[in-house]
Each structure stands twice: as C-alpha cells, then as structure tokens.
Ligand code: 3PG
C-alpha cells in the first residue's frame, strides 16, 4: 500500500483534507498528515518511509530528500516550486510537480484587496482614490496575471501587461495592452502587480531603476515572492517619494526598517495568504492527490517540473 505524507506548515482547510482522504482511500493508499510543524526534525522523521509527498511552501531541501528513502514523487500544491531543491530530487529520481492555476483566483482576488486598501489609505478615515481609470501593469502574464487583468476590467482600470513569454496577439485578443519592456510598463502604470516566479533570473529584478520610472503616485503589489524585489532599491524609493506604496503578501527581509521609517506607506501579510482560501485549498489539494495517483498507477508525468 503506497504511503502519502501531506506536510503542511500552513494547513489546508478541513474540506480539502476531506477531499484528499477520499481520493487516497479510493486508491487504497495510506495517508498521513504533518500539519503546523515548527521543527524541521519533525519533517525529516515523517518523510522517512513515504512514497509520495504533498507540500505547500514547505522547504524541501537536500537533507529532507536524503531522509526520504522511499520517495518517488513530490507535489507542490500550488504554483511556485522555488521551495524545492529540484536538483537534489532529480539526483534521486524523484519526480517533482506543481498544480498550476489551481490557486490562481485566490491570489488574484487578494491583489484587489490590497489595491483597494492602498487606494483608501488603509481605511484611515481620510479621502482616498478610486481604481477606475487608473493604469494597472501586470508584470508576468501567467495564470494569476490573467485573472488579475480580467477582474481589473470590471473595475474599469486601464490594463497593460509585460511578459516576454506571451505574444502580442494573445494579450490583445484578451483586451490587454501589450507592452514590450519592463521599463515601458513601469513608466506607464500607477499600480504594478507582480506575478513573476522566483528563479535565478528574476532575483532582485524589480530594482530601483525600474521603480523610479513609475508615476509620482505609485504602488507595487507583490503577491509573487519577496526575492524578486531588490530591497535596497525599495527602501531608497520609499525614502525619496511621498506617494510610493508597497503592499506585499509576505514580509520582506527589511520589514522592520520599513515599519520604522515609512508609516502608512506599506502593508505586509503576517503569513503568505494569497492562496489561503478554502476554494484554493480544495482545488490545489485535490489536484495534487489525483496527480499522485495518476503518477503511481499510470506513470503520468503531466505537470512534472524537473524534467
Ligand atoms: C503558490 O506558489 O502557489 C503560492 O505562493 C501559494 O503558496 P502557499 O501554498 O504556501 O499558500
């Protein structure tokens, strides 16, 4: 009987757990849970004998992989897999997958929660602004970026996107202004929503040179990864500009300095919350469970990211 471990420092909603249990009991698999753990040692112990692993942002490094003697597949229930050491997994012939698109709507909705909070001065009683007719730039037009664009049209924002991997025709067919360079996007847009994956090439990509191109009243919404922002550049622009705001679904490393110096110009979620809805949990958890069964039963490698 294959053994599956669901290791989630940030647990799934109850309904998602129910769904996971249903899929694995039907397949005749044994499923174990390690939730809200605080010590890596608990994860190291729990992975020892399992064949399959479902995770979220849980860090799966070489040490974890070396402890997992029977492991054949890791599924990151979510989009970004920068938390998994792909090379270490590949070295052990472990397949790594993600579940693209399954939590995209939840993240996109949070973008608007944050933009409205910024526009209304965090609801402090002073007059704010509206989103209507404002320019929104979407940096990376993938699953989340596309939904953000779609919702923004409902707000009657002027929507533009830059993504070197998406062509003009695709964006224009979807009614989005095609932008050819990051510089052009940042120059044009008051709001920028980040949807870049975190890889070597995107590390600190959002730097001072880009940020300074933004209009006088500007806001960056980061529901991607803290690593894509050059924090030195961010601190510099926040210091220089009266009306520059930063809203982020994760605390940057320089959070304490921002909190001390730039009151009213920032917001950070205490924990990554973009995908933390019941619906997204159900979608991603069920997709992950099905992918494991299809892989172990039929060798289906759709969504493998370490080819
Ligand atoms: C993702 O990459 O899918 C999101 O960042 C969600 O991360 P989470 O599963 O830790 O909420």
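Label positions at residue 232 and residue 262, each projected 7 Å from the Cα along the C-beta direction, are separated by 1.6 nm.
Bridge orientation summary for the chain: considering DSSP beta bridges with both residues in this region, about 0 percent are antiparallel. Just to confirm the number: angle between the C-alpha axis of helix 143-154 and the first principal axis of the chain, 0 to 90 degrees, nearest 10? The two axes meet at around 40 degrees. Extension gain, residue 35 to residue 184, is 49.2 nm, computed as 0.36 nm per intervening residue step minus the present C-alpha separation. Angle check, please: helix 278-298 long axis (alpha carbons) against the longest principal axis of the chain (alpha carbons), in degrees 0 to 90, nearest 10. The angle comes out at about 40 degrees. Remark: segment 209-295 is approximated by an ellipsoid whose semi-axes, taken from the C-alpha gyration tensor as √(5λ), come to 34, 13, 11 Å, largest first.
Calculated FRET efficiency, residue 253 to residue 213, Cβ-Cβ distance, R0 = 30 Å: about 0.80 to the nearest 0.05. For 156, 251, the sequence from fewest to most other C-beta atoms within 10 Å is 156, 251. Per-residue packing, averaged as other Cβ atoms within 10 Å, sorts the ranges 255-264, 29-38 into the order 29-38, 255-264, beginning with the highest. Relative to the longest principal axis of the Cα atoms of the chain, the long axis of helix 14-27 lies at roughly 40 degrees. Translational diffusion of the chain, estimated by Stokes-Einstein from the Kirkwood radius over alpha carbon pairs at 25 °C in a medium of 0.890 mPa s, is 120 µm² per second. From largest to smallest, the equivalent ellipsoid semi-axes obtained for segment 1-128 from the alpha-carbon gyration tensor read 34, 17, 14 Å.
Spacing of the modelled spin labels on residue 45 and residue 130, each 7 Å from Cα toward Cβ, amounts to 5.8 nm. Summary value for the chain: 19 percent relative contact order, contacts being C-alpha pairs under 8 angstrom separated by 6+ residues. Report, in whole Å, the centroid distance computed from the Cα atoms of segment 1-77 and segment 219-296. If we compute the Cα centre of each part, the gap is 25 Å. Dividing the radius of gyration of the alpha carbons in segment 104-268 by their Kirkwood radius gives 0.93 for Rg/Rh.
Which FRET efficiency value, to the nearest 0.05, is calculated for residue 168 and residue 302 with the Förster distance at 25 angstrom and r the Cβ-Cβ distance?
Values: r = 29 Å, r/R0 = 1.15.
Efficiency, rounded to the nearest 0.05: 0.30.
Projecting label points 7 angstrom from Cα along Cα→Cβ for residue 120 and residue 66 puts them 5.2 nm apart.
Coordinate-derived values only; no laboratory data. This structure is a prediction, so every number in the text was calculated from the model and none was measured. Ideal geometry is used to build each Cβ from the backbone, glycine not excepted, and the neighbour counts take in all protein chains shown.
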